[in-house]
Amino acid sequence: MRGGAGLDIAVARDLDTWRRATSQSFVPLKVTGDRAARFRGSMRGRRLAREDLTMIEVAATGHAVHRTDELIAASERKYFKLGIQLQGTGLLLQDGREAVLTPGDLAIYSTDRPYTLAFDGDFRTLVLMFPHSAIELPTEAMSQITATAISGTTGLGQLVSPFLIRLAESLDSIDGPNGTRLAHNALDLVTTLFNGELDLRATSSRDPHQLLLTRIHDFIEAQLGDPELSPGSIAAAHYISTRHLHDLFRELGTTVAASIRERRLERCRRDLRDPVLADRPVTAIAARWGLLDSAHFSRIFRAAYGESPTGYRAGC
């Protein structure tokens, strides 16, 4: 049901009601539990800004949720879910890995592949859900760190976790332009956290192939605003042939040009919905991210998001 100040609040006293509530708040899920008669659960959250960023605090007795192949097949959009364990213990399984989550731990999982999240007793957790396109990291790279516990008390986790928890505590007072800006900040911090984890993994693996890919992705991110960014300039900066570069991206299921275009468009989309940049011309935003041909920018933006850049900004 709807709570005050635009908050969504749900309370359940049986697993079937809980299944419906979690499926409506997140994505369709299967719910199982050994002590169905004693089940109690509640959720409190809201959607932040137009980018479909959802933050929900969940508290319940022990049970498990499952994202199955059948449920995935019936869904169109792909989301990441970042969980922060607040109380109790959880077990996350995805992509052949499992992570035991204790209070303070963070973990990422994706809704386009099967997962199980199980709690053996009373717990409380915070979940941040956002589309794959909301962060500037390749989906194929993100699959390397799903179901991996990230400490919320050391490294980047000790910076990101408190911010998200405080944001959740203030959900009833977050709205309008301030809510949009805070949602952007949250996504930026989360992206930084994941990028740090990927860098650590690449460094510790000592796999030359993975290290090269990490350096290439970092280079592209740093040079997105350069109109001259191209396969040739990327290959030259890393002392490899353009053919080798294209082969690397082919293995990831994409192309160099498509990866650059998608990242630039997402940066433009975020700028267009940023209230701080409301007075900046659309052409200036496109040029900021290396897209100098306004007609071309408008065409590829419409193809990606279903409306013109001007129309998208007007709807924010």
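The values are calculated or read from the model by the stated rules, or taken from the named source; none is laboratory data. Keep in mind the model is a prediction, meaning the values are calculated, not measured. FYI the Cβ positions are ideal-geometry reconstructions off the backbone, even for glycines, and counts take in every protein chain you see. The accessibility values were calculated without ligands, DNA or RNA, using every heavy atom of the protein model including side chains. Shrake-Rupley method; radii C 1.70, N 1.55, O 1.52, S 1.80 Å.
Let me check something: with ligands and nucleic acids excluded, how do L211, L92 order by accessible area (1.4 Å probe), largest to smallest?
In descending accessible area the options line up as L211, L92.
Nearest 10 degrees, 0 to 90: what angle lies between the long axis of helix 15-25 and the longest principal axis of the chain (Cα atoms)?
Helix 15-25 sits roughly 20 degrees off the main axis of the chain.
At 1.4 Å probe size, put R97, R267, R46, R13 in order of accessible surface, largest to smallest.
Listed by decreasing accessible area, they come as R13, R97, R267, R46.
Given the options L164, L82, L213, state which has the largest fluctuation in a GNM of the chain using a 10 Å cut-off (strictly under) for Cα springs.
L213
Using θ = phi - 60° and the Karplus form 6.51 cos²θ - 1.76 cosθ + 1.60, what ³J(HN,Hα) does each residue of segment 241-252 get, whole Hz, x for Gly and Pro?
Working through the residues one at a time gives 7, 5, 4, 4, 4, 4, 5, 4, 6, 4, 5, 8 Hz.
So what is the relative contact order for the chain, in percent, with contacts set as C-alpha pairs under 8 Å and at least six apart?
13
Helix 208-223: angle to the longest alpha-carbon principal axis of the chain, degrees 0 to 90, nearest 10?
Result, in degrees: 70.
Kindly identify segment 179-316 as rounded, prolate or oblate by the Cα gyration tensor criterion: order the square roots of the eigenvalues as a ≥ b ≥ c, call it rounded if a/c is under 1.5, otherwise compare a/b with b/c, prolate if a/b is larger, else oblate.
Here segment 179-316 falls in the oblate category.
What is the dipole size for the chain, taken about its Cα centre, with +1 at each Lys and Arg Cβ and -1 at each Asp and Glu Cβ, in debye to the nearest 20?
600
Using a 7 Å offset from the Cα along the Cα-to-Cβ direction at both E169 and L200, what is the distance between the two label points in nm, to one decimal?
2.4
If you count only protein heavy atoms and use a 1.4 Å probe, how large is the accessible surface of M43, to the nearest 10 Å²?
Roughly 10 Å² of M43 is accessible to a 1.4 Å probe.
Of the candidates R273, R124, R40, which one comes out as most mobile in a Gaussian network treatment of the chain with C-alpha springs shorter than 10 Å?
Of the options given, R40 has the highest mean-square fluctuation.
Tell me the angle of helix 294-305 to the major Cα principal axis of the chain, expressed in degrees between 0 and 90 and rounded to the nearest ten.
30
With every protein chain present, what accessible area does D69 have (1.4 Å probe, heavy atoms only), rounded to the nearest 10 Å²?
100
For the chain, set up a GNM with springs between Cα atoms under 10 Å and report which of E76, E169, E228 has the largest fluctuation.
Comparing E76, E169, E228 in a Gaussian network model of the chain, the most mobile one is E76.
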